[in-house]
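J.: What follows is a single structure, and I will ask about it in a moment.
The values are calculated or read from the model by the stated rules, or taken from the named source; none is laboratory data. Computed from a predicted model, the values in this text were never measured in an experiment. No Cβ is skipped: glycine too gets one built from the backbone with ideal geometry, and neighbour counts run over all protein chains shown.
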Number of protein chains: 2
Amino acid sequence: MISKQKIDLIRSLKDHKERERKGLFIAEGSKLVSDLLKTSLIPVEVFMTADGITAIDVNPARVEVVQISDKEMERISAFKNPSSVLALFKIPAVDPVTEKSYRGVNLILDKIQDPGNLGTIVRMADWFGISRVFCSPDCADLYNPKCVQSTMGALARVQIHYLDLAAFLKEAVNLQVPVYGAYMDGESVFQTELTAKALIVMGSEGQGISPELAPFLTKKITIPAYPAGNRELESLNVAVSAAIICAEFRRRMNIKVV
Amino acid sequence: MISKQKIDLIRSLKDHKERERKGLFIAEGSKLVSDLLKTSLIPVEVFMTADGITAIDVNPARVEVVQISDKEMERISAFKNPSSVLALFKIPAVDPVTEKSYRGVNLILDKIQDPGNLGTIVRMADWFGISRVFCSPDCADLYNPKCVQSTMGALARVQIHYLDLAAFLKEAVNLQVPVYGAYMDGESVFQTELTAKALIVMGSEGQGISPELAPFLTKKITIPAYPAGNRELESLNVAVSAAIICAEFRRRMNIKVV
């Protein structure tokens, strides 16, 4: 049983401003919630239908578990096809941005507005040990329910910052951190030199990287089509492009080249 | 103005069986429709709101254009936020599967049920000159409106076959075509030998490649996490994994290795 007040609270969290105001977000799905409960995220409350109770184990000492009906789940879920488990978590604080934030390989996302793409990129970043993603303020919100779902738990391990990208990149130039921008007409990512300390900038599929960020780029890179020069084609999906570029950075750093 | 009969026809095309029965599918969005009109696909009718008329040029000698109201567009669109252009196209015939179908590098999708993932994979295949994708019958339908949208026009250039994968792979073994399967625990795709003639099998994120296909595989491959051996992590999204693997095949074939 769930109170009307709690239903209203959870439903309000579909809205970005309400999530920010309340410092809470929702995660749905037995696998996702179960994975997130193993991370450092602080759970507030877990709601389960009868199916959910059998699907996952939750330590009742750590978080309150409330059993609800399928109908109640439909009312609070952000999805058309609700899962059997929904949990409320606190939005964690992010580390302040300092010189240390420029260490290693990190991603910069400019105007990536689709929450599924953002979540897929965060999940991929986690896989490749990229621990920081810097987003323009007009990117999708990480705690959007669709985005949370696409990260598959990676949002608890990757730091996501929303900030003024121009100022952040200006400082990168001062610190002599190479900045790589993904374009349709850059140097082949497979043939150009890649550094172990790097920022990789991905722009939106429609508009590319904002012109005001171009002065801060060290190098334009591209993913060559096959056969080479097949220019009739659409660009790749942004999450796919980001993944191919990050994989190439890691291939060079991690692995004996074949 | 659009007749009720036509509205019913278009709305029925959200359903897989109705698309098959009528041999038609819908594409939405000014850019997508404009791109598809330049391909070999046969358009049947284009519906545009006043905004659509200014957004794209359509040759009225090639296809009938009907102006409709925003309200009518809302009624026929498969999306919550309808675009200004919607077009009806004929579903093209696919080439029969023969020995030639095994030429070059091709993709095999086993139980990829998310239409967005399927569409993103087809778009990526097009980029990398992979002209055939073979799907198990329980994959998402290519002509699902979400899938059509994610392909961004690539569905007109890549041949998609739905067939019994076991039989298809059995024949690959007879023809001595190497079959690579993506697993969590295979050889690193960056370090193992890759061939210019190949089938790449991708399984679903939840279940992986079906056990009944395993006997036909030549080699299990994997995308190594970074740092190596980080096994706590989730797998990558299937479209992201497929893209990284296809990019590596193409990097080896196309490009002087750095």
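J.: If a residue must be surrounded by fewer than 20 Cβ atoms within 10 Å (Cβ to Cβ) and over 22 Å from B:K146 (Cα atoms), how many such residues does the stretch A:73-100 contain?
T.: 13
J.: If you don't mind, another one. Could you please let me know if B:P211 is more than 8 Å from every other protein chain (Cβ to nearest Cβ), in contact with a strand residue (DSSP E or B) (Cβ under 6 Å, 6 or more places away or on another chain), surrounded by fewer than 20 Cβ atoms within 10 Å (Cβ to Cβ) and not hydroxyl-bearing (S, T, Y)?
T.: Spelling it out, it is not the case that B:P211 is more than 8 Å from every other protein chain (Cβ to nearest Cβ), in contact with a strand residue (DSSP E or B) (Cβ under 6 Å, 6 or more places away or on another chain), surrounded by fewer than 20 Cβ atoms within 10 Å (Cβ to Cβ) and not hydroxyl-bearing (S, T, Y).
J.: Considering only residues that are surrounded by fewer than 18 Cβ atoms within 10 Å (Cβ to Cβ) and within 14 Å of chain B (Cβ to nearest Cβ), which ones fall in the stretch A:197-208?
T.: Those that are surrounded by fewer than 18 Cβ atoms within 10 Å (Cβ to Cβ) and within 14 Å of chain B (Cβ to nearest Cβ): A:G206, A:Q207.
J.: Given the residues B:N59, B:N81, which is the only one that is modelled with pLDDT under 95 and either away from chain A (no Cβ under 14 Å) or touching a strand residue (DSSP E or B) at 6+ places or on another chain (Cβ under 8 Å) (or both)?
T.: Working: B:N81 fails: either away from chain A (no Cβ under 14 Å) or touching a strand residue (DSSP E or B) at 6+ places or on another chain (Cβ under 8 Å) (or both).
Matching residue, one of B:N59, B:N81: B:N59.
J.: Quickly run through the stretch B:35-56 and pick out the residues that are farther than 9 Å from B:S84 by Cβ and either hydrophobic (A, V, I, L, M, F, W, C) or out of contact with any helix residue (DSSP H, G or I) (no Cβ under 6 Å at 6 or more places or on another chain) (or both).
T.: In the first step, residues of the stretch B:35-56 are kept if they are farther than 9 Å from B:S84 by Cβ; the result is B:35-47.
The answer is B:D35, B:L36, B:L37, B:K38, B:S40, B:L41, B:I42, B:P43, B:V44, B:E45, B:V46, B:F47.
J.: Give the residue, chosen from B:S241, B:S235, that is of a type in the set (S, T, N, Q) and either in contact with an Asp or Glu (Cβ under 8 Å, 6 or more places away or on another chain) or assigned to a strand (DSSP E or B) (or both). Spell out how you get there, then give the answer.
T.: Working: B:S241 fails: either in contact with an Asp or Glu (Cβ under 8 Å, 6 or more places away or on another chain) or assigned to a strand (DSSP E or B) (or both).
Unique residue meeting the criteria: B:S235.
J.: So which of A:P178, A:P211, A:P215 is closer than 14 Å to A:G104 by Cα and at pLDDT 95 or above?
T.: Sole residue among the options that is closer than 14 Å to A:G104 by Cα and at pLDDT 95 or above: A:P178.
J.: Could you tell me which of the residues A:Y162, A:Y143, A:Y180 is over 16 Å from A:M202 (Cα atoms), away from chain B (no Cβ under 14 Å) and hydroxyl-bearing (S, T, Y)?
T.: Selected residue: A:Y143, the only one of A:Y162, A:Y143, A:Y180 that is over 16 Å from A:M202 (Cα atoms), away from chain B (no Cβ under 14 Å) and hydroxyl-bearing (S, T, Y).
J.: Checking the conditions here, which among A:E248, A:E187 is of a type outside the set (S, T, Y), surrounded by fewer than 19 Cβ atoms within 10 Å (Cβ to Cβ) and outside the structural domain of A:G23 (by TED's automatic domain parsing)?
T.: Exactly one of A:E248, A:E187 is of a type outside the set (S, T, Y), surrounded by fewer than 19 Cβ atoms within 10 Å (Cβ to Cβ) and outside the structural domain of A:G23 (by TED's automatic domain parsing), namely A:E187.
J.: Does B:S241 satisfy the condition of being at pLDDT 95 or above, over 23 Å from B:G129 (Cα atoms) and either surrounded by fewer than 17 Cβ atoms within 10 Å (Cβ to Cβ) or polar (S, T, N, Q) (or both)?
T.: Taking the combined requirement at face value, the residue does not satisfy it.
J.: From the list A:R123, A:R132, pick out the single residue that is surrounded by fewer than 24 Cβ atoms within 10 Å (Cβ to Cβ), in contact with a Ser or Thr (Cβ under 7 Å, 6 or more places away or on another chain), charged (D, E, K, R) and within 22 Å of B:I244 (Cβ to Cβ). Full working, then the answer.
T.: Numbers: A:R123 fails: surrounded by fewer than 24 Cβ atoms within 10 Å (Cβ to Cβ).
Every option except A:R132 fails the conditions.
J.: Continuing with the same structure: Of (1) under 15 Å from B:A239 (Cα atoms); (2) free of Cβ contacts under 8 Å to residues at least 60 places away in the same chain, B:P137 satisfies all except one. Which?
T.: B:P137 satisfies every listed condition except (1).
J.: With the checklist (1) closer than 17 Å to A:V240 by Cα; (2) within 14 Å of another protein chain (Cβ to nearest Cβ) in hand, flag the one item A:V105 doesn't pass.
T.: Failed condition: (1).
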